[in-house]
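Colleague: One structure follows; several queries about it will come next.
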Amino acid sequence: MSRQGGDQDLTRDVLRHIVGVIHAMKELVDGFAAEFDLTLSQLNALKNLETPCSQRELAQQLHFDASNVTDIVDRLEERGLVVRTVDPSDRRVRRLVLTPEGDAIRRKLFDRAIEEAPINTLSSPEKAQLRDLLAKIADPVELPI
């Protein structure tokens, strides 16, 4: 086998493991959504409501059409997790604000995601090494909490 072929096989294997981690995290989050009786879209909306925003802003963050966000927000509001408030700088705009219950569920969800993440099978030095290696190929994204 050529050196290049071996490197391609190794690259393919690394990518398979990265995708495996992504799938494991997705399964974990799917389970949390079901446990809290939320759809993934509702969970994603909660994730993006750390600070109040308009429905239009939320739609942009979720990469959804604004009309789809209305249904998501309606259901979160019915559950008492979100309220629509008047924007003090523009009375025509409604701001979406997490209720104390919505904030508590949001925090529980993301605390659990960190506590139960598949990488917790690694030791602290292994996590640091993985972080350093991943930093060479991608910038980190902000976590919601």
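The values are calculated or read from the model by the stated rules, or taken from the named source; none is laboratory data. Quantities reported herein were computed from a predicted structural model and do not represent experimental measurements. Cβ coordinates were reconstructed from backbone atoms using ideal geometry, including for glycine residues, and neighbour counts include every protein chain displayed.
Colleague: Based on this model, can you work out whether Leu43 counts as under 19 Å from the mean Cα position of the chain (by Cα) and either polar (S, T, N, Q) or farther than 23 Å from Val141 by Cβ (or both)? Break it down stepwise before answering.
Modeller: On the way: under 19 Å from the mean Cα position of the chain (by Cα): yes; either polar (S, T, N, Q) or farther than 23 Å from Val141 by Cβ (or both): no.
Considered against the rule, which asks whether it is under 19 Å from the mean Cα position of the chain (by Cα) and either polar (S, T, N, Q) or farther than 23 Å from Val141 by Cβ (or both), Leu43 comes out as no.
Colleague: Next up: Using the structure shown, decide if Glu126 is modelled with pLDDT of 95 or more, within 30 Å of Leu15 (Cα to Cα) and surrounded by 11 or more Cβ atoms within 10 Å (Cβ to Cβ). Step through it out loud before you land on a result.
Modeller: Numbers: modelled with pLDDT of 95 or more: yes; within 30 Å of Leu15 (Cα to Cα): yes; surrounded by 11 or more Cβ atoms within 10 Å (Cβ to Cβ): yes.
Yes, satisfied.
Colleague: If you don't mind, there's one more thing I want to ask. Could you tell me which numbered condition Ala45 fails, if it satisfies all but one of (1) surrounded by 17 or more Cβ atoms within 10 Å (Cβ to Cβ); (2) over 16 Å from Leu98 (Cα atoms)?
Modeller: (2)
Colleague: I've got another one for you. Any chance you could count how many residues in segment 1-22 are under 30 Å from Phe110 (Cα atoms), surrounded by fewer than 11 Cβ atoms within 10 Å (Cβ to Cβ) and not aliphatic (A, V, I, L, M)?
Modeller: Qualifying residue count for the region: 3.
Colleague: Which one of Arg79, Arg95, Arg91, Arg75 is modelled with pLDDT under 95, among the charged types (D, E, K, R) and surrounded by 14 or more Cβ atoms within 10 Å (Cβ to Cβ)?
Modeller: Exactly one of Arg79, Arg95, Arg91, Arg75 is modelled with pLDDT under 95, among the charged types (D, E, K, R) and surrounded by 14 or more Cβ atoms within 10 Å (Cβ to Cβ), namely Arg95.
Colleague: Mind listing just one residue for me: the one in segment 86-145 that is of a type in the set (Gly, Ala, Ser) and within 19 Å of the chain's Cα centre (by Cα) and, of those, nearest to Leu76 (Cα to Cα)? Walk me through it before giving the result.
Modeller: Taking segment 86-145 first, the residues of a type in the set (Gly, Ala, Ser) are 89, 102, 104, 113, 117, 123-124, 128, 135, 138.
Still in the list and also within 19 Å of the chain's Cα centre (by Cα): 102, 104, 113, 117, 138.
Values: Gly102: 8, Ala104: 14, Ala113: 21, Ala117: 26, Ala138: 33 Å.
In this case the residue turns out to be Gly102.
Colleague: Sticking with this structure for a sec: Among the residues in segment 106-117, are any assigned to a loop (DSSP other than H, G, I, E, B), under 29 Å from Glu27 (Cα atoms) and touching a residue at least 60 places away in the same chain (Cβ under 8 Å)? Can you show your working first?
Modeller: As a first pass, look at segment 106-117 and keep what is assigned to a loop (DSSP other than H, G, I, E, B): 116-117.
Subsequent filtering for residues that are under 29 Å from Glu27 (Cα atoms) retains 116-117.
If we keep only those that are touching a residue at least 60 places away in the same chain (Cβ under 8 Å) as well, we get 116-117.
Yes, segment 106-117 has at least one match.
Colleague: Under 6 Å between Cβ atoms, which residue pairs at least 6 apart in sequence (or on different chains) link something in segment 85-100 that is under 11 Å from Cys53 (Cβ atoms) with a partner that is acidic (Asp, Glu)?
Modeller: The qualifying pairs are Val93/Asp87; Arg95/Asp87.
Colleague: Please pick out the residue among Arg131, Arg95, Arg79 that is closer than 19 Å to Gln60 by Cβ and either touching a strand residue (DSSP E or B) at 6+ places or on another chain (Cβ under 9 Å) or not aliphatic (A, V, I, L, M) (or both).
Modeller: Arg95
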